[in-house]
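Notes to accompany the following structure.
The values are calculated or read from the model by the stated rules, or taken from the named source; none is laboratory data. Computed from a prediction, not measured in an experiment: that's the story for all the values here. Remember, those area values only see protein heavy atoms, side chains included, never the ligands or the DNA or RNA. Shrake-Rupley method; radii C 1.70, N 1.55, O 1.52, S 1.80 Å.
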Amino acid sequence: MLRNSSLVLKFSALFLLVLALIGGAYYLLLRQVYYTELERQARNTADNVDAFGKWVSQYGRVWVRDKAETRFLSQVSFGGANPQADPVSFYSKNPALAQREFSEVVARSDSEVRFRITSDNWMNPANKPDGFEAEAIALIKNRKLDEYAEVRDGYYRYARKMIHTESCIACHGDPAAAPRDVVERYGTDRGYGFKAGDVAGVISVTLPTKPLLAAAFGVLGPLEIGLVVVAFIILYLFMHFVVVRPVKKLTQDAEQISVGKPVELDANRFYQNTRNELGQLTLAIARLHASMNLAIQRMKQNR
């Protein structure tokens, strides 16, 4: 069926096919760029969380002036400058507690990124890993990976391993040697028994994902679609005026020649060594026409 179709129809079908192939390549490229960007955001977040934890770890714990209702490990109070004033209280935060509060502040912000610290041997029940985090920790330990990521339930989930250092072992090593305020708050059942160099757990980062088609159309706006339409119109007009019309004209001329009628081929506008295929065809038909006229004249002379 397509074999007997017009050149314009064939060109239109070819254009749509090429457009579909380009669209497929664009989709695959966008998919690669999109997930690479999600991975970059997740890694940057993990870098910042890790840096913040190391900053706290170098001091063992930090002391903040806060309300007594918030979570803390221990408390100290000092007399204020005014003897009549209430004493000023400071509360200690270890690295895990500081990072957890950091994650909660980010969760309340406008940022789409969510993160937390978790372990398969958690001390605080609030840090118990969810399904992805438990699988990620197991894979990181069993396969000796540094990180693991996957798309799950509409989110990009990323996990990076954390290693216990000597400063961590003070709280997470032998429970008998752990600080009293840590034992009083969390007990001695979980979160202990680690050695320096052990995998402590993971920094878990969560990013929402968008359907790739929605992301694609978010990039491909009316202007880009309009440019594609304009490109199709330009190519269509080119095919019609530069290819189809001259071919139709040559077809009509050839039919006129076949029945012995005079034609004007307008072959003079082409050089003999032209590289224009339609020009070559026009010159060939002109030569054929001249040869047929010469043959007819000779036949008439020989009668």
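Which entries of Lys10/Lys261; Lys249/Lys300; Lys144/Lys195; Lys93/Lys144 have Cα-Cα distances beyond 26 Å here? Write out the running numbers ahead of the final one.
Working: Lys10/Lys261 32 Å; Lys249/Lys300 30 Å; Lys144/Lys195 17 Å; Lys93/Lys144 31 Å.
Over 26 Å apart, Cα to Cα: Lys10/Lys261; Lys249/Lys300; Lys93/Lys144.
Principal-axis analysis of the Cα atoms of the chain puts helix 7-57 at an angle of about 20° to the longest axis. Every helix of 4 or more DSSP H residues in the chain counts as -39500 (n - 2.57), and over all residues that averages to -17000 deg cm²/dmol at 222 nm. The structure shown yields Cα Rg over 2.2 N^0.38 Å, and of the options [x] 0.95; [y] 2.03; [z] 1.02 that calculated value carries the label [y]. Taking Cα atoms only, the orientation of helix 131-143 departs from the longest principal axis of the chain by about 90 degrees.
Per residue, how large is the accessible surface of the chain? Use a 1.4 angstrom probe and give square angstrom.
Working: 20000 Å² over 303 residues.
Counting only protein heavy atoms, the per-residue value for the chain is 66 Å².
Once the Cα atoms are used to define both axes, helix 277-301 deviates from the longest principal axis of the chain by about 10 degrees.
Expressed as a whole percent, the accessible surface of the range 102-214 that belongs to carbon and sulfur atoms is 53, based on a 1.4 Å probe.
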